[in-house]
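Down below is the structure, laid out as structure tokens.
The values are calculated or read from the model by the stated rules, or taken from the named source; none is laboratory data. Keep in mind that this is a model prediction, so the values were computed, not measured. For neighbour counting, all protein chains shown are included, and Cβ atoms are generated from backbone atoms with ideal geometry for every residue, glycine included.
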Amino acid sequence: MGTSVFLLSGLIFFVAVVFSMLGQGGGTLYTPIQVLFGIDFHRAATTSLFLIMVTSFSAMLVFRKAHKIDWAVALVLETVTTVGGFTGGLMSDRFTGHSLIWVFSGVIAFAACFMIHDFKPSRRSSSDKKRWFYWHRSFRNYCYVVNLLLALPVSFAAGMISGLVGVGGGILKVPLMVLLLGIPMDIAVGSSAFMVGLTAAGGFAGHVASGHWDWKTSMILAGVVFAGSQIGARLSLSLDKKRMKKLFGWFLLAVATLMVVRNLPPGTYGQTLQLIHETWIWWGQRN
């Protein structure tokens, strides 16, 4: 048992370092790592949300000092995202662990595609942005416009999915803020580092109300997560995020594939692995 806890703590520490570099809470790996160690998905998701709160607070201290957090945008979006997170956490009891793994795998795959490919946000002329729901922001050396009619419902949906499967939402928020809202990447990363903690708090409250929290495991892992996210956030200020995004995008895609394969009925393992192998060969021939 001691060896398992030591190994689990080491993996969680590594995840905290890596994902705090990208302004994300790490829930995309906190949850599956615990599941792979035999922890029930509902309890793993709840512990994951608690750890994301710790990661967020730790990384936020660094990004705040570097002036990378647009506090106004972050707080407005989190008003609805936290409600969505609480709703998702509260609804989690209505879904089986297997069904949540399918949802979780889809979230990871979406994030992986964003990280691997260089998507560009759509640009509108300034004349198209005079209506009341366009929020013009001037922050640091950036000027950008946030469409509130798009941002608020999307934020609620991201929060609900995040609370449901035990992620802080950074894996969804960063791509959504960059692609749909036009927020610069480094500001999206810094703001997300703060926002994921609030989203996770909403989802965590919903899960606790459903009786899923294993507080002993959470407290054991909280210390290593705080230390790891401090290191990761500091490294983030000087590393090449573009290259790092691609690398971890492929890694997340592998994690999503692993989760899907493990969630399939035993008789379909061979067929699925053969399909993955053939798809990989096809992709290699095209590129």
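Worth pointing out:
- Each residue in segment 101-117 was checked for being under 18 Å from Val261 (Cβ atoms) and crowded, with 20+ Cβ neighbours inside 10 Å, and 6 of them qualify.
Yes/no matrix, rows are residues, columns are (1) part of a helix (DSSP H, G or I); (2) crowded, with 22+ Cβ neighbours inside 10 Å:
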{"position": "Tyr144", "(1), (2)": "no, no"}
{"position": "Leu150", "(1), (2)": "yes, no"}
{"position": "Phe156", "(1), (2)": "yes, no"}
{"position": "Leu172", "(1), (2)": "yes, yes"}
{"position": "Met177", "(1), (2)": "yes, yes"}
{"position": "Gly182", "(1), (2)": "no, no"}
{"position": "Ser191", "(1), (2)": "yes, yes"}
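- Only one of the numbered conditions (1) at pLDDT below 75; (2) farther than 29 Å from Ala157 by Cα; (3) not aromatic (Phe, Trp, Tyr) is violated by Leu235, and that is (1).
- Pair list, Cβ < 8 Å and 6+ apart or interchain, from segment 60-79 residues that are farther than 13 Å from Val146 by Cβ to residues that are acidic (Asp, Glu): Lys68/Asp186
- Taking the criterion of being of a type in the set (S, T, N, Q) and surrounded by fewer than 21 Cβ atoms within 10 Å (Cβ to Cβ), the residues of segment 194-233 that qualify are Ser210, Thr217, Ser218, Gln230.
- The residues on offer are Thr87, Thr81, and the sole one that is in a helix (DSSP H, G or I), more than 21 Å from Ala222 (Cα to Cα) and in contact with a Lys or Arg (Cβ under 8 Å, 6 or more places away or on another chain) is Thr81.
- Scan segment 7-34 for residues that are more than 12 Å from the chain's Cα centre (by Cα) and either at pLDDT 85 or above or among the polar types (S, T, N, Q) (or both) and the total you get is 11.
- Extreme residue, surrounded by the most Cβ atoms within 10 Å (Cβ to Cβ), among residues of segment 41-56 that are of a type outside the set (D, E, K, R) and out of contact with any Gly (no Cβ under 6 Å at 6 or more places or on another chain): Leu51
- Residue list for segment 127-150, filter: over 25 Å from Ala66 (Cα atoms) and either among the aliphatic types (A, V, I, L, M) or modelled with pLDDT under 85 (or both): Ser127, Asp128, Lys129, Lys130, Arg131, Trp132, Phe133, Leu148, Leu149, Leu150
- Going through (1) surrounded by 24 or more Cβ atoms within 10 Å (Cβ to Cβ); (2) on the phi > 0 side of the Ramachandran plot one by one, Gly38 falls short only on (1).
- A Cβ distance below 6 Å, combined with a sequence gap of six or more or placement on separate chains, defines the contacts here; from segment 183-204, residues that are within 15 Å of Ser138 (Cα to Cα) reach residues that are at pLDDT 85 or above and of a type in the set (Asp, Glu) in the pairs Ile187/Asp70; Ser191/Asp70.
- Just one of the listed residues (Ala72, Ala45) is of a type in the set (Gly, Ala, Ser), in a helix (DSSP H, G or I) and touching a helix residue (DSSP H, G or I) at 6+ places or on another chain (Cβ under 9 Å), and it is Ala45.
- Thr217 within 13 Å of the chain's Cα centre (by Cα) and modelled with pLDDT under 85: no
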